[in-house]
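S.K.: This is the structure I want to talk about, given as structure tokens.
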Amino acid sequence: MATVCLVVTTKNAATTLPRCLSSASFCDEIVVVDSGSDDGTVDVARGFGAKVFVRHYKNAADQKNWALQHVRSDWVLVLDSDEWLSDEAAQAVQRIVAANRPCAYRIRRVSRFLGRVVRHAWRHDYPLRLFPRGSGRWDSRRVHADFLTGLPVRRLETPLYHDVAETLSEYLPRWLRHIEMAAEDLAERGGGSLLKGVLSAGWRLLRQYVLQCGWLDGKAGLYVALLSAGSVLLRHMLARDIRAADSSAPSD
């Protein structure tokens, strides 16, 4: 029978990790790659029988690709430490692994933000989280990296759940870090246009708040749309500055 490994990358996740690991208790193997937690995360992971590796954090894609080298099971299930599988999703994953067909799977993610489940503004959130071992890897982007695979990709509607943040003050430092890393990615690709940033931000706000009915999510939906639009605009502005600084720097 085919086996499955749960892969989780962590940093100070002692409070959320037990729920994550418990939701995938059916897994034959757990690989946790930690980036220097000081809150007991490593002990929590080991308490669940995980193989734990402590490694310097470069970016999420690099950490996950490195983790894949230590997987021995036939299938890989990837979760963030603040995510967990619904009972229905856990059963669906087990059925897929038992069938052992060569496909990769995106799983519908339902997120909670500012105390409310965001059902509309993030309705098209389907991260790729289940695949046969050796069938692909994440690309080299610092944030929002895609999993690259030659296999057919299917969707699971049985949800995994995600706690994003309870307060803006908790969320904003992470939001800013992601903008900085995304801007570096964009600058490396030669992007960074104020006009494109303004247009893309406007479209993002229209799409998430109006077309996807984000307004039905109340204050959380409004904040999601505004923060998403703001991240697009700031990413382009910062990438433009990065490229200008690089072009004016003296060459060796």
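The values are calculated or read from the model by the stated rules, or taken from the named source; none is laboratory data. All figures in this text were calculated on a predicted structure; none of them were measured in a lab. Every residue, glycine as well, gets a Cβ built from its backbone with ideal geometry; the counts of neighbours run over all protein chains shown. Areas reflect the complete protein model, heavy atoms only, side chains present, ligands, DNA and RNA absent. Shrake-Rupley method; radii C 1.70, N 1.55, O 1.52, S 1.80 Å.
S.K.: Of S37, S248, which has the most accessible area with a 1.4 Å probe, and how do the rest follow in descending order?
M.R.: The most accessible residue leads, giving S248, S37.
S.K.: For K11, what accessible surface area do you get with a 1.4 Å probe? Give it in Å², rounded to 10.
M.R.: About 110 Å², rounded to the nearest 10.
S.K.: What whole-number distance in Å separates the alpha-carbon centres of the range 186-252 and the range 37-96?
M.R.: Comparing the Cα centres of the range 186-252 and the range 37-96, I get a distance of 30 Å.
S.K.: Something else now. Roughly how much of V210 is accessible, in Å² to the nearest 10, using a 1.4 Å probe?
M.R.: Only protein atoms counted, so the area is about 80 Å².
S.K.: What is the magnitude of the charge dipole of the range 133-216 about its Cα centre, with +1 placed on the Cβ of each Lys and Arg, -1 on the Cβ of each Asp and Glu, and no other charges, expressed in debye to the nearest 20?
M.R.: Rounded to the nearest 20 debye, it is 320 debye.
S.K.: May I pose another question? Can you put L238, L130 in order of accessible area, largest first, using a 1.4 Å probe?
M.R.: Result of the area sort, largest leading: L238, L130.
S.K.: Could you quote the convex hull projected area for the range 85-144, Cα atoms only and averaged over all directions, in nm²?
M.R.: Projected area, direction-averaged: 5.6 nm².
S.K.: On a 1.4 Å probe surface of the protein chains, which of M237, M1, M181 comes out largest in accessible area, and what is the full order?
M.R.: My answer, sorted largest first, is M1, M237, M181.
S.K.: Follow-up question, since we're still on this one. Whole number in Å², please: accessible area per residue of the chain, 1.4 Å probe, ligands, DNA and RNA not counted.
M.R.: Dividing the accessible area of the chain by its residue count gives 51 Å².
S.K.: With every atom except the alpha carbons ignored, what do you get for Rg and Dmax of the chain, in angstroms?
M.R.: Cα-based Rg and Dmax for the chain come out at 19.1, 60 Å.
S.K.: Pairs of lysine in the chain with Cα under 20 Å and at least 8 positions apart or on different chains: total?
M.R.: 4
S.K.: If you don't mind, another one. Count neighbours as other Cβ atoms within 10 Å of each site's Cβ, and list the trypsin sites (Lys or Arg not before Pro) in the range 152-189 that are DSSP loop with at most 12 such neighbours.
M.R.: Listed in order of number, the matching sites are R189.
S.K.: Related question: Taking every pair of distinct Cα atoms and averaging 1/r, then inverting, what Kirkwood hydrodynamic radius in Å comes out for the range 116-238?
M.R.: 16.1 Å
S.K.: When N counts the residues of the range 1-131, how does its alpha-carbon radius of gyration compare numerically with 2.2 N^0.38 Å, as a ratio?
M.R.: That ratio works out to 1.04.
S.K.: Right, another one. Any chance you could give the angle, 0 to 90 degrees and rounded to 10, that helix 218-248 forms with the longest Cα principal axis of the chain?
M.R.: So the inclination is approximately 70 degrees.
S.K.: Would you work out what percent of the accessible area of the range 45-115, with all protein chains in place, is carbon or sulfur (probe 1.4 Å)?
M.R.: 44 percent
S.K.: Using θ = phi - 60° and the Karplus relation 6.51 cos²θ - 1.76 cosθ + 1.60, list the HN-Hα couplings for the range 205-212 in order, rounded to whole Hz, with x at every Gly or Pro.
M.R.: Karplus-based 3J(HN,Hα) across the range 205-212 equals 5, 4, 5, 6, 8, 9, 5, 8 Hz.
S.K.: Computed over the Cα atoms, what is the radius of gyration of the range 140-198 divided by 2.2 N^0.38 Å, N being its residue count?
M.R.: That works out to 1.52 for the range 140-198.
S.K.: Is there a quick way to get the dipole size of the chain? I mean about its Cα centre, with the Cβ of Lys and Arg at +1 and of Asp and Glu at -1; what is the value in debye to the nearest 20?
M.R.: Around 760 debye, computed over the chain.
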